[in-house]
Structure formats: C-alpha cells, structure tokens
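Taking it in order: structure first as structure tokens, then the write-up.
Please treat every number below as a calculation from the coordinates, not as lab data. Note that the structure is a prediction, hence the values are computed from the model and not measured. Counting neighbours? That spans all protein chains shown, and the Cβs are built from the backbone with ideal geometry, glycine included.
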C-alpha cells in the first residue's frame, strides 16, 4: 500500500510540475498571431497618433484621442491613446474608436473605400442605408471586459477579439497597404467628429496605409464630404447622399485640403 501511495504521489508530482511548466495562455495571445501581420502594430499606431495630436492642427478642440485598428476579419489588432494615461481622453471614446475601425473595414471593398463620415447622410431617415447603424451591434463583453489598467496598451482586452459595432460619423477609415490591398480599418475618437476624421486621415497617411483605390468624395477618395444644406422644408439634405455635418469653418478648410496635403497612394 505504501509503495502504491508513493508511486501515485510521484506521478502526481510529475504531472503537477509538467502543468506548471506549460506556457500560460492569456486572452491576448491572439494579438501575437500572424493574423495581424498585414496591419500596423500598436507601437506604430501609438507613435503616429501622438505625433498627429501633438501638432494640434486638426480643427477641433485639441483633445487627446483613442485609436483602434482591426484586421480584415474585424478582429481588434491594436488600441492606443495619445495622453499619458487612459483617463486623459474621453473613456467612452475607446469603444467608439473600435466601432469606427470596424465600420470602415466592414463597409469598404477592395475597389471602393467608404469612411464612417461618408455614411452619415445615407443612414439618416429616408437615406439609402437607413437602419445600418442598428446592425452589427457592439459585443459588450469584448468592449468592457478585462482590466481597465490595460486599456490602450498592447495587452488591451479588446485585442484578438471581434468588437463589432457601427458608427456613422467622422473618424473611421479603411486601411489599404502600399500594394493597394484592403487589410483592415482604423478608428479614431475623442474630439469633434470632423476633427476625428482629420486625425484619422493623417494617422493613416503616417502609417502608409492610405493607398485608397476609389471613393465617393469629389476627389475620388474616402474624404469627408460637406454638402449638406437645408431644403425648402428646413430639412438637411446632402447633394451627393454622402454628406457629413460641418463642425466649424476651420475644420472644413482643413478637411478639404487633406487630399492635397496628405495625398492618398503609397508614400515615397
């Protein structure tokens, strides 16, 4: 009996030691897999976001920002913030930035890019895409799960998971690599929706993922469109069907100049 007990104890100890030696899988191991090889990594996103926000020529309130990248499957690849701590920018904008990234990726195609700003008028009552914003809901478990201390870090709890969500104002852009391949989406949030678009455009340009094939704007890309006027009944109408409200005259001028100042296509 004693011999049997000793043998059992030794076997149990060996098994226990073997289990200790096994690598511990975290919820964010997904973020280290090759599925994210086609999109910018968190350090690159963070550096680009900080640089664009620090320049403070974006037509908004000059606030700190959140940014999220998803891959073509809508899986969150990176989350970052421009401030020194997660509370230095609107906490609610973390999930909004992820929504925007998901939307831009989900409704862009290999030959046609749509920004979240382009979807504003089309999703209003009477618009051709009315109701779109109620589809593809955010996965609240992904959005609010995990430790808040990891928000905006490489280990952000959203990384490696599908966030879902639809957002239909400025700040979301599809990502096209230097070869013109659609590889995912970028979402930015934390300022006015118009400034969010400007910042997203500049960040995408800095990352060299703006080789956009075509879009619905007058310049043939996914730039924000300001063509909403009031009809005789006093209702806002977009001439193109892709219009977005103008936040202020300054940001309209900045946005209109984006294709010239930060042209699409592979950067030199």
| note | Within segment 91-128, the residues that are more than 26 Å from residue 38 (Cβ to Cβ) and surrounded by fewer than 16 Cβ atoms within 10 Å (Cβ to Cβ) are 91, 92, 125, 126, 128
| query | Quick check: anything in segment 119-133 within 13 Å of the chain's Cα centre (by Cα), assigned to a loop (DSSP other than H, G, I, E, B) and within 19 Å of residue 241 (Cα to Cα)? | reply | no
